[in-house]
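Here is the structure we will look at.
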């Protein structure tokens, strides 16, 4: 059981049209179907889950600086850990690995900040986050630099396969899917949305959800909605084979710079999103920027991963290991929290602006969108509404 139901042509009508075949669209379709709707999921590319979702780090954590997102991811994690039972399909397994998240600092100024954050997380009920001093840190993680002063650590955070997660939710939704079917706009009448206009025809509907990541703002604009989103390029460096990387290591983050890596395939995946990177338009093909590779790998760089884990210096000096770059875009909101729920056009909803957290928040946000769609959750109770007051935050997007 659980095969994805593809249609050769878009239907003439649908109860709900969900636009976007990545993890956000998949989770929205899953929970819309669970809520009793009959959605159709459309994707403009030839296959599902081929754009930003597979370019993600494929990780999740509960270590947030605000209770709202912590609770969102806590709900999602329950889905990850019980995926076969929740989705009622066994074809796709996200292969959850609970290897933890380790945030390491070499900066004296950040030591009290880490302590304060952990105290706040404990107050929110996240009592298993630990503060490790330099000795305990080196004892548990011998690969960490002797210059490290402290770390915050939670063993229950981990990794998963975002492609299997996406496909499993689509299969579990048992809903109709149309690929090669890009949405180009909406028909709106006196009562709200009347149809989604696609490259392959018009789908009559009274409810549509924009869940197409970097292209969400562009599509919403066709209905007169200006979503406050910016798109920021990201570059994931992949070493498919690298024996230097401890296979059991956690997500290891330089808390001072944001550079991070985790075991991946037979090696590692490394990421760093420079806060100085300027936003731009949505791109179908994000250019590879090799400068980011050298900034992460060169020991002389101010954001080098060798700052926290010195074995990366040997990798750089040996210069014999194959690496490749996978690109994508973060869809950023002004306060780096999702945009979820109603728009000013009746029947038009959004589930976007995940700001780099889409994989880990997707099930919970998909469920909340379905509740907003059905009326089980009132718009006034939604902290991620499009019409909220945005207070910019200087937080991570890992």
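Please treat every number below as a calculation from the coordinates, not as lab data. For clarity, every value in this text was computed on a predicted model and none was experimentally measured. When we count neighbours, we look across all protein chains shown, and the Cβ atoms used for this are built from the backbone with ideal geometry, even at glycine.
Quick look at the numbers
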item	result
Residue under evaluation residue 172, criteria (1) under 30 Å from residue 107 (Cβ atoms); (2) out of contact with any strand residue (DSSP E or B) (no Cβ under 6 Å at 6 or more places or on another chain), criterion not met	(1)
Some residue of the stretch 311-327 being buried (at least 24 other Cβ atoms within 10 Å of the Cβ) and touching a strand residue (DSSP E or B) at 6+ places or on another chain (Cβ under 6 Å)	no
The stretch 60-93, residues that are in a helix (DSSP H, G or I) and more than 23 Å from residue 340 (Cα to Cα)	81, 83, 84, 85
Elements of type strands (runs of 3 or more DSSP E) in the stretch 213-328, at least 1 residues being within 30 Å of residue 117 (Cβ to Cβ) and without any contact (Cβ under 8 Å) to a residue 40 or more places away in the chain	267-271
Selection status of residue 12, more than 16 Å from the chain's Cα centre (by Cα) and surrounded by 15 or more Cβ atoms within 10 Å (Cβ to Cβ)	no
Test: residue in the stretch 27-40 that is crowded, with 24+ Cβ neighbours inside 10 Å, within 25 Å of residue 273 (Cα to Cα) and touching a helix residue (DSSP H, G or I) at 6+ places or on another chain (Cβ under 6 Å)	no
Residue under evaluation residue 216, criteria (1) surrounded by fewer than 23 Cβ atoms within 10 Å (Cβ to Cβ); (2) closer than 30 Å to residue 387 by Cβ, criterion not met	(1)
Matching residues, the stretch 264-287, being more than 18 Å from the chain's Cα centre (by Cα) and surrounded by 13 or more Cβ atoms within 10 Å (Cβ to Cβ)	267, 268, 277, 280
Selected residue (criterion: farthest from residue 48 (Cα to Cα)) from residues of the stretch 199-212 that are more than 26 Å from the chain's Cα centre (by Cα) and outside any loop (DSSP other than H, G, I, E, B)	204
Residue identified as buried (at least 23 other Cβ atoms within 10 Å of the Cβ) and outside any strand (DSSP E or B) among 135, 172	172
